[in-house]
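Heads up: the structure comes next, in structure tokens.
All of the numbers you see were taken from the coordinates with simple rules; none came from a lab. Predicted model, so just to flag it, every value in this text is computed and none were measured. Glycine gets a Cβ as well: all are built from the backbone with ideal geometry, and neighbour counts include every protein chain shown.
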Amino acid sequence: MELESDNLLLLISLGTMVTFFLSGSIIFFVIFYQKKMLQKKMETQKIETDYQRKLLQSTIESQEKERKRIASELHDGVGAMLSATKLNLGMITNGTIPKEELKEVVCESKDMIDETIDTVRRISKDLLPSSLEQFGLAKALEELTEKLSNQNTHVTFELIESKDHTLDVQRQLLTFRIVQELINNALRHSEASLVKVVVKVDDSFQIVVSDNGEGFDLEATRKDIKKGVGLYNIENRVSLLNGEVKFESKEGKGTTISIIFEF
Amino acid sequence: MGYYYYIILGVSLTTSFSAFFLGAKWNAYQGYLKYIFVLTLISSIADAINYFALWYYKITAQYFYQLHISFFYRLIEFLLLFEFFKWLVGINRRLVISIQVVAALYFLWCYPEVPYTGLQMIDSTPLRILNCLTFIFMSILALVHYLRKMEIENPIDDPLFFTISSVLMYFSGITFIAAFDWYLQEFDRNASYVSWSFQNLFVILRNVLFGIAFYKQSKQPNGIRV
């Protein structure tokens, strides 16, 4: 009887210890897991914050670059032409120009005013292409590729439209800017002889810009904030379209950038 | 009966009251802690009555948990903890009603036996095991729920975590005692003191953890976290 009682007591003690140990293990697991998961969550948050910071930085840099470009065009093009025209007009008013040269100077001034008007139109077109408003995105992109095509690099445009969809003006402009930047990047950095722009319209809107240039190391470019500004800028703009962007590039094997977004 | 039993029960009673006063001092009456606070208060009273019975009437240990007070304490403990977990986990309404009905039926089935069989004859083993398993399950469910929410950086700083852990450890610890104590008494009444000393050790642990939960709650800047 006593032996059975001892055995039962032993069973209770062992059973209690086992269940208690199990419950303790569960509690320690929760502490450990919670800490681990929160650590992971914080790391992810840090990566996201860094990414957002880089995006903001790239946006600011891109804006500054654009401002500098416009300022430079206004100063060197429009400003210089208007100064020369003013000088000519001043000389005509003062009578310092001989009568026989007067017609020539007036014609020269008129040419300079025409050139200024052209420069202003070009700047305006660069800021907001008129064809985009008048004929839509496809036509604007076609014009853009024609304009950017040169002797060294051939830029082609292809539209594959299986469904009839239209983008609102804001999204059209955003898409235009993305393609413009992608082609500019390819022309500036890739040494490519061919840049292809393919726009596919079906249930979603897809853009593929590919070149046969030098390509680049994607990871290294991302790590270098100065070099990676372009990538972040594209990602930033694509995110405004609620879309996704995919960069594929290998050194010496060209670059393909695919963008997709829903209507 | 060994003097250690008095000591353990005395410590259990002290921790029970201490936890209660920790709660009372820092006014932890709101939110989920109100259930735990009331439970601690009732536990303190039940322990005090048991201690008095042990000392004054020289009642033997094996009858403690067959007393009316213990039986009612278990019912109140079940209701309070059930409300606590229901609030915490947001258990399915059907499951809540089912568990409540089963618990009520079981209690109604057990309790009327008392006048016929005598207090010491109630074998509440299945009820106690069911009680333990229910709260082990609910504690684990609450911990899973806790992990999903991922609101607290360090669980050790959270009173809610201490409360759930306390319930889990307490019921895990006493499950085997609840399951075999009745049979142990059949063989050797003195051996049951040992098992009940175990039970009181878990009560002490539970009270200490409740006390820590009350203390942690009092240190939280914005009061209750819901």
**OP:** Report, largest value first, the span of the C-alpha coordinates of segment A:79-185 along each principal axis, in whole Å.
**Re:** 67, 33, 21
Original post:
Hey, which lysines would be in cross-link range of A:Lys99, C-alpha to C-alpha under 22 Å, not counting anything within fewer than 8 residues on its own chain?
Top reply: A:Lys86, A:Lys110
**OP:** Please give the average number of partner chain Cβ atoms lying within 10 Å of the Cβ of each residue in B:169-180, rounded to a whole number.
**Re:** 5
Subject >> Pairs from A:Lys36/B:Lys216; B:Lys34/B:Lys86; B:Lys34/B:Lys219; A:Lys163/A:Lys200; A:Lys139/A:Lys200 whose Cα-Cα separation, in the structure shown, is over 19 Å >> reply: A:Lys36/B:Lys216
**OP:** Please average, across the residues of B:138-148, the number of beta carbons from any other chain that are within 10 Å of each residue's own beta carbon, and give a whole number.
**Re:** 2
Subject >> Kirkwood Rh in Å, taken over the protein assembly as shown so that all alpha-carbon pairs contribute >> reply: 30.2 Å
**OP:** Relative to the longest principal axis of the C-alpha atoms of chain A, give the angle of the C-alpha long axis of helix A:99-127, reported between 0 and 90° and rounded to the nearest 10°.
**Re:** 20 degrees
**OP:** Please state, rounded to one decimal and in Å, the Kirkwood hydrodynamic radius that segment A:61-104 gives when every pair of distinct Cα atoms enters the mean of 1/r.
**Re:** 12.5 Å
Subject >> Peptide A:17-29, shielding by other chains (average Cβ, 10 Å cutoff) >> reply: 5
**OP:** Please tell me the relative contact order of chain A in percent, rounded to the nearest whole number, where contacts are Cα pairs under 8 Å and at least six residues apart.
**Re:** 15 percent
**OP:** Find, to one decimal place in angstroms, the Kirkwood hydrodynamic radius of chain A, where the mean of 1/r is taken over every pair of different Cα atoms and then inverted.
**Re:** 23.8 Å
Original post:
If packing is taken as the mean number of other Cβ atoms within 10 Å per residue, what is the order of A:139-151, B:35-47, A:38-50, highest first?
Top reply: B:35-47, A:139-151, A:38-50
Original post:
How long are the three semi-axes of the equivalent ellipsoid for segment A:130-262, computed from the Cα gyration tensor as the root of 5 times each eigenvalue, in whole Å, largest first?
Top reply: 24, 18, 13
Original post:
How do B:160-168, A:86-94 rank on mean C-beta neighbours within 10 Å, highest first?
Top reply: B:160-168, A:86-94
Original post:
Dipole magnitude of the protein assembly as shown about its Cα centre, charges +1 at Lys/Arg Cβ and -1 at Asp/Glu Cβ only, in debye to the nearest 20?
Top reply: 1540 debye
